[in-house]
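Here the structure comes first, spelled out in structure tokens, and everything after it is commentary.
What follows draws every value from the coordinates through simple rules; no lab data is involved. Being a predicted model, the structure only gives us computed values, none of them experimental. Ideal geometry is used to build each Cβ from the backbone, glycine not excepted, and the neighbour counts take in all protein chains shown.
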Amino acid sequence: MGSSPDNQPPNFKQFPAESLNLLQLTDSHLYADPSRSLLGINTLETFDQVLAQALQETGNPDFILATGDLVHDASDTGYKRLLGRLQLTEIPTYCLPGNHDIPGKMKQILNQDNVHCIPSVQTKGWSLIFLDSTIAKSDGGRIDESQLELLRVLLRAHPDKHTMICMHHHPVPVGSRWMDTMVLENPDAFFKLIDANPQVQAVLCGHIHQAFDTEYRGVRLMGSPSTCVQFIPRVDDFAIDAIPPGYRWLSLQPDGTIRTGLNSLPKIPSGLDLASMGY
Ligand SMILES: [Fe+2]
């Protein structure tokens, strides 16, 4: 395993001013209908609660990263509602699609004001790259040839910047048979590029609805809890974990090191359907 997450209170004020401070909110699974639930949880309510708590606990992040499966039914209404929530924060927010999203529609609706659906941003000595790992009409993940080329170009353009690559799907198996059927299907091409570009420090993903933090080929790989339902790690079959919605905070340091940790709501939302066999 890689470095363990920091368990101290995550207020960003504790880090040097040059740090790039981020909140990752992932797998919000919102719906067009604000009263709808996923596995017994009202996903809009838990998203609102996690966002409010994260901002209150961490202070003022530089950016929010929303790493896919933002709207479960990929509805216009769901994306517009999410946009409204993110606009209210006034914090620059970078969104990328997951298997439940429709990338074109998502970009068309979300990409305005402080909310961005763009391939990368550079600031404070870091380059953040946002890839689309989705495959149309599939839940699996792939970095297709156009995204590989985009990654190649961005890495070549910023060789002197510490780099974190963000995408929805997990790039290596996490040890859950059912979840690992959706792992990135072409990791060799992806990691070959990473190997050739030592400025890459980390890969951050969504999709797995659980904490994951390891080191692979010299790069830190992180996955994170969802703002709604969590999955039990390292099991063969789909199973809901009895833990609350949560988020990851990251403080990227000028020397390339990463401070990060997880935090969650104080309790499990009532109604969580622990016996569910799938979704
Ligand atoms: Fe997903």
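Annotations
- Shape category assigned to the stretch 53-171 from the gyration tensor of Cα positions, a/c cut at 1.5: oblate
- When the Cα positions of TYR94, GLN53, PHE12 are compared along the charge dipole of the chain, PHE12 comes out farthest toward the positive end, with charges on each C-beta of Lys, Arg, Asp and Glu.
- 222 nm mean residue ellipticity, helices alone, for the chain (DSSP H n ≥ 4; -39,500 (n - 2.57); rounded to 500): -6500 deg cm²/dmol
- Among GLN112, GLN147, GLN210, the largest mean-square fluctuation in a Gaussian network model of the chain (Cα springs under 10 Å) belongs to GLN112.
- Rounded, prolate or oblate (a/c below 1.5 giving rounded, otherwise prolate when a/b exceeds b/c) for the stretch 98-161 by Cα gyration tensor: oblate
- For the chain: rounded, prolate or oblate by the Cα gyration tensor [a/c cutoff 1.5]: rounded
- Per-residue Cβ neighbour rank within 10 angstrom, fewest leading, LYS107, LYS192: LYS192, LYS107
- The label-point distance for ALA275 and THR214, in a model that sets each label 7 Å from Cα toward Cβ, rounds to 3.3 nm.
- Exposure proxy for TRP249, TRP178: other Cβ atoms within 10 Å of each Cβ, ordered fewest to most, give TRP178, TRP249.
- The antiparallel fraction among DSSP beta bridges confined to the stretch 105-225 stands at about 45%.
- Between VAL50, VAL235, VAL115, the Gaussian network model of the chain with springs among Cα atoms under 10 angstrom shows the greatest mean-square fluctuation at VAL235.
- Taking other Cβ atoms within 10 Å as a rough exposure proxy, HIS72, HIS158, HIS209 sort from fewest to most as HIS158, HIS72, HIS209.
- Relative contact order computed over the chain (Cα-Cα under 8 Å; 6+ residues apart), in percent: 23
- Listed by chain and number, the lysines whose alpha-carbon sits under 18 Å from that of LYS137, ignoring those within fewer than 8 places in the same chain, are LYS105, LYS107.
- On the beta carbon distance between LYS105 and GLU45, with R0 = 30 Å, the FRET formula returns roughly 0.80.
- Of all DSSP beta bridges confined to the chain, the antiparallel ones make up roughly 50%.
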